[in-house]
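Laboratory data are not the source of any read-out in this text; all were calculated from the coordinates shown. Keep in mind the model is a prediction, meaning the values are calculated, not measured. Counting neighbours? That spans all protein chains shown, and the Cβs are built from the backbone with ideal geometry, glycine included.
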Ligand SMILES: Nc1ncnc2c1ncn2[C@@H]1O[C@H](COP(=O)(O)OP(=O)(O)OP(=O)(O)O)[C@@H](O)[C@H]1O
């Protein structure tokens with residue numbers, strides 16, 4: 001059975017100056033899926049996420065959402081998160097929750113920090129956390145309003161192996177509880193472990209789409225890394 005569509009993008013196009021970076025892209029995001037968006041640096045992945053989230057306006061194309069106001073139901077972790085300067089991790093989380101109209105008690109905030117492996121840093125100034133800890137805090141901040149749909153832009157990049165494993169487990173447990181997740185990653189093993197479906201973007205276009213198993217069988221490759229290299233090596 002095909003799940004309901006949460007977001008449907010048709011013919012999306014976006015350019016910067018003379019350069020087209022998203023080039024007629026059609027993409028559905030379905031309820032309950034863990035969708036990986038992969039592709040080379042500069043392929044247009046982050047721009048695509050920005051367009052889907054309404055953070056940038058497409059030059060052409062349409063985006064249809066499952067509801068008239070999706071924003072209260074969407075969590076978003078971008079590659080860099082602007083924290084409130086001079087405030088601790090738990091204070092940042094509290095203020096972020098307040099944006100969504102949620103007044104969370106300290107125990108609830110600590111639970112969110114715990115889920116992201118940050119409880120011992122609750123009282124640390126957010127800007128003094130390490131890069132990986134800041135990423136975990138950014139992910140904790142996306143979860144305070146229990147979103148139905150989560151966008152994670154390279155959630156495990158620059159994390160140490162333990163933190164990476166913890167974030168993957170967190171993603172899996174959110175997916176098991178029914179959260180729909182869209183993420184980007186350059187780690188093909190991670191994509192294989194987490195994604196129910198992936199789309200490979202190159203030069204702003206989708207050049208392959210399917211579940212990891214479907215794509216491996218379709219292209220006869222042993223691993224997603226091999227598939228990725230094969231498909232991105234061919235001349236455009
Ligand atoms: N605000 C901007 N102004 C001009 N060019 C931009 C802007 N944002 C992105 N670009 C360019 O658009 C292209 C696509 O960028 P984008 O960030 O979408 O790629 P990406 O696939 O997410 O890459 P990466 O894997 O490196 O994060 C790149 O060449 C980038 O330099």
For this session: Please work out the Cα convex hull volume for segment 1-73 and give it in Å³ per residue.
Result: 102 Å³
Exercise. Based on the Cβ-Cβ distance of residue 222 and residue 8, what FRET efficiency does E = 1/(1 + (r/R0)^6) give at R0 = 41 Å, to the nearest 0.05?
Worked result: 0.75
Exercise. Going by average Cβ neighbours within 10 Å, how do the peptides 30-41, 129-140 rank, with the highest at the top?
Worked result: 129-140, 30-41
For this session: Sort the following peptides by mean Cβ neighbour count (other Cβ atoms within 10 Å, averaged over residues), highest first: 100-109, 3-12, 218-227.
Result: 3-12, 218-227, 100-109
For this session: Extending each Cα 7 Å along its Cβ direction at residue 107 and residue 19, get the distance between those two points in nm, one decimal.
Result: 5.2 nm
Seminar exercise, completed: Within segment 149-236, the percent of DSSP beta bridges that are antiparallel, given to the nearest 5, stands at 50 percent
For this session: Rounded, prolate or oblate: pick one for segment 87-157, where a ≥ b ≥ c are the square roots of the eigenvalues of its C-alpha gyration tensor, a/c under 1.5 means rounded, and failing that, prolate if a/b is larger than b/c, else oblate.
Result: oblate
For this session: Note the direction-averaged projected area, equal to a quarter of the hull surface, for the Cα convex hull of the chain, in nm².
Result: 13.7 nm²
For this session: If a/c stays under 1.5 just call it rounded; otherwise compare a/b with b/c (prolate if a/b is bigger, oblate if not). Do that for segment 110-236, with a ≥ b ≥ c from the square roots of the Cα gyration tensor eigenvalues.
Result: prolate
Exercise. When the helices in the chain are scored as -39500 (n - 2.57) per DSSP H run of 4 or longer and the sum is shared across all residues, what 222 nm value do you end up with, to the nearest 500 deg cm²/dmol?
Worked result: -10500 deg cm²/dmol
Exercise. Any idea how far apart residue 128 and residue 169 come out in nm if each label point goes 7 Å out from Cα toward Cβ?
Worked result: 2.8 nm
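Counting DSSP beta bridges with both partners in the chain, what percentage is antiparallel, nearest 5? Walk me through the numbers before you get to the answer.
Numbers: 20 of 37 bridges.
Taking every DSSP beta bridge within the chain, about 55 percent pair in antiparallel fashion.
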